[in-house]
Amino acid sequence: MTIDFSCSNCSSALTAPDEYAGKIAKCKKCQAKVRIPEADVVDLELEPDTLAPDPYQKLMSNLRQELKKMRFPDLQRFDLNELPDEDVKAIFEWGMWTFNLGSSEQGRIDEIKYDWRLVILSDGSRWEVEDGDAYTVDGWVAGDEIVIVSDRMYRLNVSESVTVS
């Protein structure tokens, strides 16, 4: 599948393979750098009386996207959208554990400083966010639950992740 999107600079129609979601690319027309949107994101105009999306459904959608990014060979046989939510959560938790054989840190965000480049956890540990990921941390707040596996910090309630040291 492909992702269809527009250049944020010149509005040219662009296309990219799903595996490039979240990456930076150059517009073929104006050479501006643009971020390729997530594959499952659909830009719709909602009617004024339409309810906001259910946070649980958004979380499950994010978990399914994260599992696709993990690229477990045996998981490629399944359509994650057809699996029950409980199975998706269990597979995601298993994937997080096996990703680094269980050596991870879990906690809550206490504070975010320096234009989203430093995340301080409630245990006092300080994590420097890679420059290219600061825009993601912009939406994070104190109290968010996170887990750190290797050099990745995952915000669990929406399954976003950034590179940290």
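Taken together, the values in this text are just the output of simple stated rules run on the coordinates, not laboratory data. Everything numeric here is computed off the predicted structure, so don't read it as measured data. Don't worry about glycine lacking a Cβ; one is built from the backbone with ideal geometry, like all the others, and counts go over all protein chains shown.
How long is the gain from S6 to Q57 if the chain were fully straight, where each residue apart is worth 0.36 nm and the alpha carbon distance is subtracted? Don't skip to the end; give the middle numbers.
On the way: separation 51, 0.36 × 51 = 18.36 nm, distance 2.66 nm.
Here the segment from S6 to Q57 would lengthen by 15.7 nm.
For a 30 Å ceiling on Cα separation, which of these pairs sit above it: K33/K113; K28/K89; K29/K58; K28/K113; K23/K113; K26/K89? From K33/K113; K28/K89; K29/K58; K28/K113; K23/K113; K26/K89, over 30 Å: K28/K89; K29/K58; K28/K113; K26/K89. Spin-label model, E38/K26: points 7 Å from Cα along the beta carbon direction are separated by 2.9 nm.
For a Förster distance of 22 Å, can you work out the FRET efficiency between the beta-carbons of R117 and S150, rounded to the nearest 0.05? Walk me through the intermediate numbers first.
On the way: r = 19 Å, r/R0 = 0.88.
After rounding to 0.05, the efficiency reads 0.70.
Solvent-free Debye calculation, one equal scatterer per alpha-carbon of the range 113-165: log10 I(q)/I(0) at 0.15, 0.28 Å⁻¹ equals -0.32, -1.32.
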